[in-house]
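Working notes, structure below.
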Amino acid sequence: MKLIDILLVEDNPDHALLTRKVLEDYKVANKVYVVGNGVDALDYIYHRGKYNNGHNAPRPGLILLDAKLPKVDGFEVLKRLKSDPEYSSIPVVMLTTSARDDEVARGYAEGVNSYVTKPVRFDEFAEKVRNIGLYWGLISSLP
């Protein structure tokens with residue numbers, strides 16, 4: 001299995017901690033970088049602000065993106081990434097609490113590679129995150 005760097009864009013510190021722990025426990029990620037809002041996500045990708053040094057913001061092999069984020073929401077982050085030829089090939093999994101049909105449809109319309117809802121129960125959440133990591137880190141061929 002080829003380990004990948006993952007950018008986790010999550011504003012809930014508990015969800016971020018759990019997601020990071022599950023991915024690291026199952027050794028599907030080289031490193032998991034966490035940012036807490038849409039502005040920081042775009043700054044990370046485009047090496048702006050505190051991420052202007054590419055060494056502290058390597059290009060991720062996968063982005064786990066919450067839909068509901070402060071400053072710039074996940075849909076806008078997704079739209080910007082998928083409209084940029086330099087970054088459009090990075091797989092993006094929207095990992096969010098919302099299962100509304102209109103939001104799922106919007107995610108796919110904006111180019112998300114997968115839309116996964118976060119379950120409330122800890123064990124179910126951990127299992128979904130583990131499966132995301134295994135699929136994108138082991139099964140799928142990444143660019």
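The values are calculated or read from the model by the stated rules, or taken from the named source; none is laboratory data. From a predicted model like this one, the values you see are computed outputs, not experimental measurements. All Cβ positions, glycine included, derive from the backbone under ideal geometry; neighbour counts span all protein chains shown. Ligands, DNA and RNA are stripped out before the accessible areas are found, and what is left, the full protein with its side chains, is counted by its heavy atoms. Shrake-Rupley method; radii C 1.70, N 1.55, O 1.52, S 1.80 Å.
All but one of (1) part of a strand (DSSP E or B); (2) touching a residue at least 60 places away in the same chain (Cβ under 8 Å); (3) open to solvent by 30 Å² or more (accessible area, probe 1.4 Å) hold for residue 15; state the number of the condition that does not hold.
(1)
On the given criteria, is residue 20 under 20 Å from residue 128 (Cβ atoms) and either small (Gly, Ala, Ser) or without any contact (Cβ under 8 Å) to a residue 60 or more places away in the chain (or both)?
Taking the combined requirement at face value, the residue satisfies it.
Consider the stretch 21-49. How many of its residues are at pLDDT 90 or above, out of contact with any Ser or Thr (no Cβ under 9 Å at 6 or more places or on another chain) and open to solvent by 40 Å² or more (accessible area, probe 1.4 Å)?
Residues in the stretch 21-49 being at pLDDT 90 or above, out of contact with any Ser or Thr (no Cβ under 9 Å at 6 or more places or on another chain) and open to solvent by 40 Å² or more (accessible area, probe 1.4 Å): 6 in total.
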